[in-house]
1. List the residue pairs whose Cβ atoms are under 7 Å apart, where the first residue sits in the stretch 731-759 and is in contact (Cβ under 8 Å) with a residue 60 or more places away in the chain, the second is not in a helix (DSSP H, G or I), and the two are 6 or more positions apart or on different chains.
2. Hey, does the stretch 165-174 have a residue that's buried (at least 19 other Cβ atoms within 10 Å of the Cβ), assigned to a loop (DSSP other than H, G, I, E, B) and free of Cβ contacts under 8 Å to residues at least 40 places away in the same chain?
3. Would you pick out the residues in the stretch 339-382 that are part of a loop (DSSP other than H, G, I, E, B) and within 30 Å of residue 605 (Cβ to Cβ)?
4. For the stretch 118-128, how many residues meet the condition of being modelled with pLDDT of 90 or more and surrounded by fewer than 22 Cβ atoms within 10 Å (Cβ to Cβ)?
5. Considering the stretch 490-515 alone, what residues qualify as being out of contact with any helix residue (DSSP H, G or I) (no Cβ under 6 Å at 6 or more places or on another chain), farther than 12 Å from residue 543 by Cα and in a helix (DSSP H, G or I)?
6. Out of the residues in the stretch 123-150 that are in a loop (DSSP other than H, G, I, E, B) and touching a helix residue (DSSP H, G or I) at 6+ places or on another chain (Cβ under 6 Å), state the one that is nearest to residue 106 (Cα to Cα).
7. Does at least one position in the stretch 458-467 carry a residue that is closer than 30 Å to residue 655 by Cα and modelled with pLDDT under 90?
């Protein structure tokens, strides 16, 4: 900033070298508004290095009107490293003379009652040291106003913070134009090469380059100047491999503004040794970090981690990235991560320790995720969290394999099985798992208790192969798993393996063999009180019995659903309900099948299922849907079209159940799993058997026929389980309906529901 700026309004906003202030229209307007509010006397423009704080402040100050101040004084504090040097610069900017040792008191006496606008630029190194003096100045000079640009705030009561974020890296709205960040990149490409990068391929590369640079203006400007000797594709590849080709040769730009690393190195002087160490350690992370991550990688107590994390956020080295419904998270911009990784690489011992802590943290993360993924209230959050942390999980897995810690790799992958299934990561995970399996098996016999873990890994790998449609490989892996369980004396593992072998037998047409394996597994798992495993065995038993035409085929599934009510596991209930619908279809009970699969889809929509689960639910819905009108048949064809598309997209092997009609074209907006389930839920149910007009006359207003039916059975003294068996519903469904009955009848308990229903009966 210049030392003295006139107060007249200027024309189009321009910054360094006459270039327009890209993408800052909103910030420009808001900052201008704040600077004209009388109550805002201290305003700090803050944000990461290279985000454009100084450029924005300079542009806004050029519009300060005469009525706002008698003088606008700009002071660049970049070269000052202590308070005395900073106050000398301020005094010089104000035109003070004869003050050998300027102080806030003397400067305040000089300003007095005049209307002065003091703009302090690049205060990063001295901002915390100037805070008491600035507070004193504002108290002594009632018409003084201060604007500061700094990565760190002053932390005084009078301060108003104005954070500046990186530029948007995606086009605004739903148009097909280029983003603000990409426009800046194009403007900064040298004039000799600019016309050469306006082609489609280059524009796509430029958009991805801007995303890799997190929309940071300084990084974009300098990287763009490398275009010419390097093509956009080569630049993008360099960025993806962690290289940042900075080649600025502008002679009139300070060294610290010629690259983001230069700006960060300059700002490093404001960090404590502990903060620098923590930044180096956090740089091993690929994705967001939370308080627990900081605690683990820094080797800190929870309170120490909270304090240092807060300091790094306030110094704009970490950016808030809070997820909806989750704990606060923070991310490091890519160029910042690269800077501190290079510092870490110069300290081999610290680097080794940081990476070891990172691997340990993600092994613990996976162990906690295992239980979270099976809890109804936490499942969605953990699915989201695993996907967010996937780059770090990959890094941890590769690091563990490089160290030969293959048992830890197996434990981590098995713990994340549910999330890997939902996010369609099984093909990638299977390659990693088999590599560690091979290494463990190559190590030969062990006496360290790893045999059950090896058997678990083989069973999981076999299931994943079965999901991928490779039945031969699945059978081989599952057979080996069963042998290991037998050798180790783990009957529960043998029984769970038998369930998968039974499913392979069922798919191959050996229904009686499948029944035998399922019955043996049910007996073993019931005896061990393994509810989830026993429910899976009953699902197989029911499907096999239904294939044989057994009239009691539904019974195992109804028992499984009852048992699963004791677990907080909506995903397991959804799978059982889909299989119940399939069994009912085999028995010719389409309306009852449709009710079961609808309930399953509601659970999958709320709690997320994998692609194979959703596809099976969609196809079962289509088979169970009533055939009443052309419109309904068209809807069913669309559901089948979506199922076909999802199978192709996610590599789900063909199912064995017969489909009712030819497939139609899927709606363009129904190709996500959530949208597909929503579409399938719009398929109408079969009509209730009861006469609606007669029911309307007798049931309380607001109750559906099913709710009225359940209320009547409550009045008869039935338990939820008895009602579920009578109506062929899951106990969970009865509980939900009964809750609605109590709300509609304004009854605090089922006893009151029974009383109301008896009174109505006379």
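1. So the pair list comes out as 731/565; 732/565.
2. The initial filter retains those residues of the stretch 165-174 that are buried (at least 19 other Cβ atoms within 10 Å of the Cβ), namely 166-167, 169.
Right, trim to assigned to a loop (DSSP other than H, G, I, E, B) and you get 166-167, 169.
The next check asks that each one be free of Cβ contacts under 8 Å to residues at least 40 places away in the same chain; those that pass are none.
No: the stretch 165-174 contains no residue that is buried (at least 19 other Cβ atoms within 10 Å of the Cβ), assigned to a loop (DSSP other than H, G, I, E, B) and free of Cβ contacts under 8 Å to residues at least 40 places away in the same chain.
3. Restricting attention to the stretch 339-382, the residues satisfying the condition of being part of a loop (DSSP other than H, G, I, E, B) are 346-347, 373-378.
Listed by number, the residues that qualify are 373, 374, 375, 376, 377, 378.
4. 1
5. Residue satisfying the conditions is 492 alone.
6. Our first condition is that a residue be in a loop (DSSP other than H, G, I, E, B); within the stretch 123-150, this holds for 123-126, 141-143, 150.
Add one more test, that the residue is touching a helix residue (DSSP H, G or I) at 6+ places or on another chain (Cβ under 6 Å), and what stays is 124-126, 141, 150.
On the way: 124: 24, 125: 23, 126: 19, 141: 11, 150: 24 Å.
Across the stretch 123-150, the extreme among qualifying residues is 141.
7. First pass over the stretch 458-467, keeping only residues closer than 30 Å to residue 655 by Cα: 458-467.
Those still in the list that are modelled with pLDDT under 90 too: 467.
Yes, because at least one residue in the stretch 458-467 is closer than 30 Å to residue 655 by Cα and modelled with pLDDT under 90.
Conditions tested, residue by residue: (1) within 28 Å of residue 379 (Cα to Cα); (2) modelled with pLDDT of 95 or more; (3) part of a helix (DSSP H, G or I).
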site: 393; (1), (2), (3): yes, yes, yes
site: 409; (1), (2), (3): yes, yes, yes
site: 414; (1), (2), (3): yes, yes, yes
site: 448; (1), (2), (3): no, no, no
site: 452; (1), (2), (3): yes, no, yes
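The values are calculated or read from the model by the stated rules, or taken from the named source; none is laboratory data. Keep in mind it's a predicted model, so treat the numbers as computed, not measured. Every residue, glycine as well, gets a Cβ built from its backbone with ideal geometry; the counts of neighbours run over all protein chains shown.
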